[in-house]
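To start, the structure under review is shown below, and the notes come after it.
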Amino acid sequence: MMSLLSSWSLALTALATVPLADPWQREYTSAEAQSAHVIALWQFHAGAELEDSSGHGHTLELAGAQTCAEGRFGGGLQSFPGWPIEDVRHAAVAPAHPDLSPAGAFSIDLWLKPSPDLPPGGNCYLLCKKYVSHHDYQLLLTAAAGGARRLHCCLGFGSDSEHFYSDAVAWPADEWQHIAVTYDGAGTVRFYRNGQSLGGRTAPGRRAISPGPLPLSLGERTGSLYSGFAGILDQIRLSQGVREFAQLRVELDLERRVFVRQEPPPTATVPTCCAFGPGTAQTVSAIAE
C-alpha cells in the first residue's frame, strides 16, 4: 500500500511541475499572462485596451470594432453584425507575425457575451487568420437547427483545409460563456464551453497547420463578406500546446477496497473533568474502522 501511495505521490509531483491548465474562471494574472506557453493575450485593461498582456508586442489596431468597459473582467472588445445586415468590417487586428501561426499543437480560449441582435442564421467570426486561403486558422459560431449554434474551427494545411464542428447548443443573449478549442498538431480538435466538453473529432493524417501571411482579426472575418460577432469578447488568448479546460475528475481504479492500517492506533489523554472522576486522567486507544 505504501509503495502504491508513493508511486501516486511521484506521479502527482511530476504533473505539478508541468502545468497543463490555467484558472480560466478568473482573470489571468500578469504572471500567468507572461507564462512561456502564452503566445498572445488581449485583456483590454483600462488605459491599455489594445496591448498584448503576454509582453510579446502583438498590439491591436481597431478596424471597426470598439473597446468597451463592459467586458467579463473590466474592459472588453465589442463587435457588430456584418453581412447580410451590412458588409462592413468590425474588427480589432493584430499585424501578421510568424508567432501567430503556431508550429504544432495550440489552444485558443476566450470569453464571449452575445448581444440580443446576434443574427439567428449565418456565421459569426470570433477570430480569423485564414480568410479563404488554406493557411492558418479561424474560429466562428455557425448556425445549427432549432436556433442552436456550433463552434466551427477551420484549419489550413497548405493545399487544403479541414473543418471541425462542436456539438450544437444554445447561446443565450447577454450571458458570459467561456469557450476553448485545442488542436494537438496531429489531427485532433476538441471544443469546450465553461469547462464542459462540446465534442470534437480526429482527422487522420493531419499535422501542423500551414503558416500564412495574413493578420489576425478578432471579432470579425479577415475579409469580405464580413460577418462580425454581435457581442462582447474578453480575455482572448492564443497558447502553445494543448491546454486543459475540462473539470478535474479523479477515479480510484483498483479492485481492492479494504486496506490494512500500518501505523499504531491514535491515543488521547482524557482530562480530569471528564468521565473518570476528579483528579484522574486516562489514556485511551482509538480503533479506526
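Computed from the coordinates by the stated procedures, all read-outs in this text should not be read as laboratory data. The model shown is predicted, which means the values in this text are computed figures rather than measured ones. A quick note on method: Cβ atoms are made from the backbone with ideal geometry, for glycine too, and the neighbour counts reach across all protein chains shown.
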Exercise. State to the nearest 20 debye the size of the charge dipole of the stretch 39-162 about its Cα centre, where the only charges are +1 on K and R beta carbons and -1 on D and E beta carbons.
Key: 320 debye
Quiz item: What's the exposure ranking of Arg221, Arg26, Arg201, Arg89, going from fewest to most Cβ atoms within 10 Å?
Solution: Arg26, Arg201, Arg89, Arg221
Quiz prompt | Gain on full stretching of the segment that runs from Ser159 to Thr29 - 0.36 nm per residue minus C-alpha separation | solution = 42.9 nm
Exercise. Could you run the Karplus curve 6.51 cos²θ - 1.76 cosθ + 1.60 with θ = phi - 60° over the stretch 174-185 and give me ³J(HN,Hα) per residue in whole Hz, x for Gly and Pro?
Key: 6, 10, 6, 9, 9, 10, 8, 9, 10, 10, 8, x
Practice problem: Answer rounded, prolate or oblate for the stretch 85-234, using the Cα gyration tensor with square roots of eigenvalues a ≥ b ≥ c: rounded when a/c is under 1.5, else prolate when a/b is larger than b/c, else oblate. | Solution: oblate
Self-check item: Positive dipole terminus of the stretch 13-170, leading residue within Ala21, His58, Ala48 (C-beta point charges)
Solution: Ala21
Exercise. State the Cα centre-to-centre distance between the stretch 48-80 and the stretch 174-201 in whole Å.
Key: 22 Å
